[in-house]
1. Which of A:Leu163, A:Leu106, B:Ser138 sits farthest toward the positive end of the charge dipole of the protein assembly as shown, with +1 on the Cβ of Lys and Arg and -1 on the Cβ of Asp and Glu?
2. When the chain is fully extended, how far beyond the present Cα-Cα distance does B:Ala25 get from B:Lys125, taking 0.36 nm per residue of separation?
3. So, in nm, how far is label A:Glu135 from label A:Lys123 when the simple model puts each one 7 Å beyond its Cα toward the Cβ?
4. Considering every residue in A:14-27, what mean count of other chain Cβ atoms within 10 Å of its Cβ is obtained?
5. Among residues other than B:Leu137 whose Cβ falls under 11 Å from its Cβ, what is the net charge (Lys/Arg +1, Asp/Glu -1)?
6. To one decimal place, what Kirkwood hydrodynamic radius in Å is obtained for the protein assembly as shown from all pairs of distinct Cα atoms?
7. Can you sort A:Asp101, A:Asp150 from fewest to most other Cβ atoms within 10 Å of each residue's own Cβ?
8. Which pairs break 24 Å Cα to Cα here: A:Lys85/A:Lys137; A:Lys46/A:Lys137; A:Lys94/A:Lys205; A:Lys108/A:Lys175; A:Lys46/A:Lys108?
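No value in this document is a laboratory result; all are computed from the given coordinates. Every value quoted in this text rests on a predicted model; they were computed, and no experiment measured them. Cβ sites come from the backbone with ideal geometry, for glycine too, and all protein chains shown count toward neighbours.
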Amino acid sequence: MNLDVAIEQLLEAAAKVRATSFADDKTPLGNALALSKEEDLIKTGKSEFDVIVFGDLNDFKHLNDTYTHEAGNLAIEKIGKKIQKEFIQKIIGKAFRLSGDEFVILLKQNLIESFQAKTSSFKSVKFQYEGKWLEAKMSFGFVVSDGKSDFDELLKRAETACLTAKSEGDGVCIKWDEEVERNALVGFRHNCHQCGSVNKCYIPKRLSPEKLKVCSFCGEKL
Amino acid sequence: MNSSKAETILGLPRRPTLGDTSTAALLGAVALGLLTGGLGGALIGGAGGAALANQKQPLEFAVREYFKQKGLEVAFFYRAPRAVKVTFSYAPNAFWTVKTVMPDDLTNLSDEDRDDWLYGSLIKKELPKIQRKIRQLSHR
């Protein structure tokens, strides 16, 4: 190998090392570090993106618990690849895996319709694992930047919209607005005095937890 | 056990050496962090060719290379001190996980011998069992 070729290959390897530090380990998307870089641009108004999408897998715990974490990791990988294909290559957005089964996608406002037209295809992403057909399912929430709210606030709104979308079904996508915020679901944890189980459920923010009367495990009064 | 020069360990094949690897695969491995520390540094720094060529392929690298040769794509590689687990794709959209765990009575192995055993057991004992299962399923 001559010196020029060796240098070229090493530079290529160095570029790959740099790219790897911002790459997610399970999907072809960016990682949380890459998102934080983009976040800095959004905060200073230098980003080309003004729509923040939040999505996470539905029934992910069931997939992990029933078919092992390896199957769960494959679901994450399949969804990551599909996001890459549908939203990065076709709609020219940027996407990241935040952690676990949570994904963030950044888009330009004029491409929202193209994005929404694709989300229903995330209702069921099938793959075969150890001879069984399994499916990864996802719902989305998104928010359009108002130019006043900071990135964390926008992300929280997109997450709230996503939670509402999940309650409506797989592949559903909901835009955040005041109405969505008013009816937002919140996680509520409570102990059953009868069976001792710890129950977690999601109820609309406007309802008080006192309205939950019955343990979902044993059916006894709470 | 001092048998690292033998081609097998307890009847199982040992990991190949870096000398058996293509330059492109080596550089790819450096980029992905599969060749780390002294090994990757030595490669970039241009360490003596013969010394480097005689080094064993790191376990993950060796496993990935073996699967690639068999036309199987490694999706995930999981490592524990005495176990290795690999999720791989054997057909479009079809995956399986193969693992090997070192028996409790197998002790006193050096780190190199332990990695050799895990490699050999995975590719010669465990992977063929899974491949048989996959063949049976596809004939149903």
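1. Of the options given, the answer is B:Ser138.
2. 33.4 nm
3. 0.8
4. Details: counts 3, 1, 6, 5, 1, 1, 3, 1, 0, 1, 0, 1, 2, 0.
Per-residue shielding by partner chains comes out at 2.
5. Counting the neighbours of B:Leu137, the net charge comes to +4.
6. Numbers: mean 1/r = 0.0421 Å⁻¹.
Hydrodynamic radius (Kirkwood, Cα only) of the protein assembly as shown equals 23.8 Å.
7. In order of increasing Cβ crowding within 10 Å: A:Asp150, A:Asp101.
8. Check vs 24 Å cut-off fails for A:Lys46/A:Lys137; A:Lys94/A:Lys205.
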